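*Asks:* Let me begin by handing over the structure; questions about it come next.
The values are calculated or read from the model by the stated rules, or taken from the named source; none is laboratory data. Quick caveat: nothing in here was measured; it's all calculated off a predicted structure. Neighbour counts are summed over all protein chains in view; Cβ atoms, including those assigned to glycine, are modelled from backbone coordinates with ideal geometry.
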Amino acid sequence: MSLTKSFFDFVSDNKNDNLFSIFMNKNSRDANYYLLKECFDIIKSKTDAQINKDELIDDLVKFTKENDLFKDYNKFDDYFDNTNDEKIRNILDFVRIKIRRFVDTGWLIEDQSRNEIFTKYILLNEYTRPIFESMISIASSDKNPPEYSTNLLVINDSLDKLLSNDSQTNLYSYYVNVIEHTEKLKSQLSSSSSRIRRYINRINNNEDLNKLIEDFINGYNLKIARPFYNFRLKDKPAIMQGIILNKFDKLLNNGNAISKIVENSLDRQGILNKNTVEYQNAYNNERALISENLSKCFSYLKTLLEVIDSIDFKDNNYISSAKTKIEYKSSDYHDLRDEINNVIDLIKKSNLNDFVLEDNLVHLRNIDALSLKKPAKYSTKLDEIIVNVNTLTVEEENKLKKELYNEFKNDFNRIYKKLYVLNLNEVEALTLINNYEFNEYEIFMLYLHSTDLNFEYKIEVTNEIIHKDYFKFYNFILRRQ
């Protein structure tokens, strides 16, 4: 995972046609951000929330000429997203291409005037508007990122003091620093892990787009992601862990240093007479306690990178889930309805006893954890499941269409949670149907999503065939990974 603090770094991916692709290229990121922000500001200032495209082009040309970011013509190619071979000859070309890019990725909408054939208008996409407005908020807050901690640096410096031969140094205070900052680091990382889980649950239960965006950007990013990235950037745990463990090992094997810490501790407690039995008992007890505490810190810090990797994994899951839910909620269902209608038509027209989905439903799209504005294309996901569909009457077709609509439109989280609460390490699809009230469409959805990042189960297709209503398909086993 990248250590950068930029919000755009962890919402962008390598797809050229999705919402966040305009921020994928670091060279073009600033140009795209400020141009899109200017578009938003200009359009929002209009009483009817739209602007003549030519007028917007003129305004943006003026904006780019006045902004130092765009003054170097030789860098325009770097600012461009390189999604085609168009050449930028001047600022006018640059602005036109950018506007089209914003329209293609869904940030803006281009509308043809009904009264004027050659006039086009640009307006904001109400689905993506709250996303960008929240991004503006978080981008501005990047200037003053919150501090996470300097625990590892304090631990390292304190260990240096504990290993020094300075007889005048009170080692007990540095011992306390090591213990307290190790516990503080442990608590902070544990809290981050728990809070990520809570945010993931909030995604599952939240259907309001604005609240989802607020949670993702102003909540999760500010309170968990950026502080955690800052910790990794400043404390450099991957480097510091080895250095600190080496010093810990030296300290635990340094009897003189441990004795000095114990003596300093007893001095603080007012136990001063070394010739008494009381002192010797107190010394032995204190030495055992101090050695135990240092050993516990040493053991935890040995697992530090594993803890960080675990948080990284949950962080990736959260980001993937949040992106999916936000994009899903901010898109209309046009493409999905078209694809389901194609499925219905194929089922109705087929008179074959058996056919393979790979051959007949090649246009079915899989809505998975990595899908964004456009559902990912169906590709060999249901190759191994053979389906038999009887010729449907109009009534049966309508019933099937309604059920398919309902299952595909509902968030997959509902189906997954239905499986998750059963807490089964292994279960067959047929068992889910017979014993747990899963229908065939929910079974298909589980199969479709079996390769999602957040899916805990591995699928194994069997030779047993299930007969269910209109369908005949192979049974499969879900095994918890």
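*Asks:* Regarding residue 373, is this residue in contact with a Gly (Cβ under 9 Å, 6 or more places away or on another chain), under 24 Å from residue 319 (Cβ atoms) and modelled with pLDDT under 70? Reasoning before the result, please.
*Replies:* Details: in contact with a Gly (Cβ under 9 Å, 6 or more places away or on another chain): yes; under 24 Å from residue 319 (Cβ atoms): yes; modelled with pLDDT under 70: yes.
Taking the combined requirement at face value, the residue satisfies it.
*Asks:* Only one of (1) under 32 Å from the mean Cα position of the chain (by Cα); (2) buried (at least 19 other Cβ atoms within 10 Å of the Cβ) fails for residue 294. Which number is that?
*Replies:* With respect to (1) under 32 Å from the mean Cα position of the chain (by Cα); (2) buried (at least 19 other Cβ atoms within 10 Å of the Cβ), residue 294 is out only on (1).
For every residue, the table says whether it meets (1) surrounded by fewer than 14 Cβ atoms within 10 Å (Cβ to Cβ); (2) at pLDDT 80 or above.
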{"site": "6", "(1), (2)": "no, no"}
{"site": "12", "(1), (2)": "no, no"}
{"site": "18", "(1), (2)": "no, no"}
{"site": "57", "(1), (2)": "no, yes"}
{"site": "62", "(1), (2)": "yes, yes"}
{"site": "72", "(1), (2)": "yes, no"}
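*Asks:* Suppose we keep only residues that are aliphatic (A, V, I, L, M) and loosely packed, with under 12 Cβ neighbours inside 10 Å within the range 263-291. Which one would you say is nearest to residue 193 (Cα to Cα)?
*Replies:* To start, the set of residues in the range 263-291 that are aliphatic (A, V, I, L, M) comprises 266, 271-272, 277, 282, 288-290.
With the extra rule that they be loosely packed, with under 12 Cβ neighbours inside 10 Å, the set shrinks to 272, 277, 288.
On the way: 272: 45, 277: 47, 288: 32 Å.
The selected residue is 288.
*Asks:* Report every pair of residues separated by at least 6 positions or lying on different chains whose Cβ atoms are under 9 Å apart, first residue within the range 264-277 and of a type outside the set (Asp, Glu), second exposed (fewer than 12 other Cβ atoms within 10 Å of the Cβ).
*Replies:* 266/272; 266/274; 271/278; 274/280
*Asks:* Among the numbered criteria (1) farther than 30 Å from residue 152 by Cβ; (2) polar (S, T, N, Q); (3) modelled with pLDDT of 85 or more, which one does residue 264 miss?
*Replies:* (1)
*Asks:* Within the range 136-214, considering only helices (runs of 4 or more DSSP H) that don't extend past its boundaries, which have at least 1 residues that are within 19 Å of residue 224 (Cα to Cα) and modelled with pLDDT under 70? Spell out how you get there, then give the answer.
*Replies:* Numbers: elements: 151-162, 171-205, 209-213.
Ranges flagged: 171-205, 209-213.
*Asks:* Something else: Answer yes or no as to whether residue 53 is surrounded by 14 or more Cβ atoms within 10 Å (Cβ to Cβ), within 26 Å of the chain's Cα centre (by Cα) and modelled with pLDDT of 85 or more.
*Replies:* Values: surrounded by 14 or more Cβ atoms within 10 Å (Cβ to Cβ): yes; within 26 Å of the chain's Cα centre (by Cα): no; modelled with pLDDT of 85 or more: yes.
Answer is no for this residue.
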